[in-house]
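The values are calculated or read from the model by the stated rules, or taken from the named source; none is laboratory data. If you're wondering where the values come from, they're calculated on a predicted model, not measured in any experiment. Positions of Cβ are backbone-derived with ideal geometry, glycine not excepted, and every protein chain shown enters the neighbour counts.
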Amino acid sequence: MDGVELMRPDARIDARVLAQLWRNLASRFPGRLLSLDLCQAAPLTLAGDLPHGAQFAHDLGEVVELFRQNSTLLGDRLEIDVARLGQPDEVRIAITHPLDAFAHGTLAEVRLGFAWRLLSELASAPIELERVEFAHSPNGAPAAYEVHFGCEVRFEQPTSAL
């Protein structure tokens, strides 16, 4: 894919190429959480037009459902699973892709980190995040993850979730 092709609004980098890129970055910069740096620096348009549409949602549940229903716009074979927990306002959002393990979890970090940022910025009231779970082992200092998410972060869990 050349530069001209990437300038097309509907162009998308192949998922395997993107996973290889993040795998290489993790190897080249061990211990650096470039994934979380990207989450803080990237414009909300990284998620396409979905953040714009999410402004019109009535509550956080509608925002999450919008992203779940349109997960294919965010990435091929991306799965977003939303499960209601014990309390009415308590949910677990798992975001997974078949290439997560290949990329040493860096793509999962990007997705969950950016999802948390989107939810935080789009919510009309503060959201309390109880915990973040990653299926992989940490790519950097666990404390850096906790600073980014503002909560407990667990690793080597069955799936990656907020």
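Before moving on, here are some points about what is shown:
- In segment 26-38, the residues that are surrounded by fewer than 21 Cβ atoms within 10 Å (Cβ to Cβ), not in a loop (DSSP other than H, G, I, E, B) and not basic (Lys, Arg): 27, 31, 34, 37, 38
- Any hit, segment 154-161, residues being among the aromatic types (Phe, Trp, Tyr) and either in a loop (DSSP other than H, G, I, E, B) or modelled with pLDDT of 95 or more (or both): yes
- Pairs with Cβ under 7 Å, 6+ apart, first in segment 103-127 and over 19 Å from residue 32 (Cβ atoms), second at pLDDT below 95 and small (Gly, Ala, Ser): 118/47; 122/54; 127/120
- Taken together, the criteria place residue 37 among residues that are at pLDDT 90 or above and acidic (Asp, Glu).
- As a summary of the residue check, residue 141 satisfies the conditions (1) farther than 25 Å from residue 32 by Cβ; (2) surrounded by fewer than 16 Cβ atoms within 10 Å (Cβ to Cβ); (3) in contact (Cβ under 8 Å) with a residue 40 or more places away in the chain except for the one numbered (1).
This table checks each residue for (1) exposed (fewer than 15 other Cβ atoms within 10 Å of the Cβ); (2) of a type in the set (A, V, I, L, M, F, W, C).
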{"site": "94", "(1), (2)": "no, yes"}
{"site": "98", "(1), (2)": "yes, no"}
{"site": "108", "(1), (2)": "no, yes"}
{"site": "114", "(1), (2)": "no, yes"}
{"site": "132", "(1), (2)": "no, yes"}
{"site": "136", "(1), (2)": "no, no"}
{"site": "149", "(1), (2)": "no, yes"}
{"site": "162", "(1), (2)": "no, yes"}
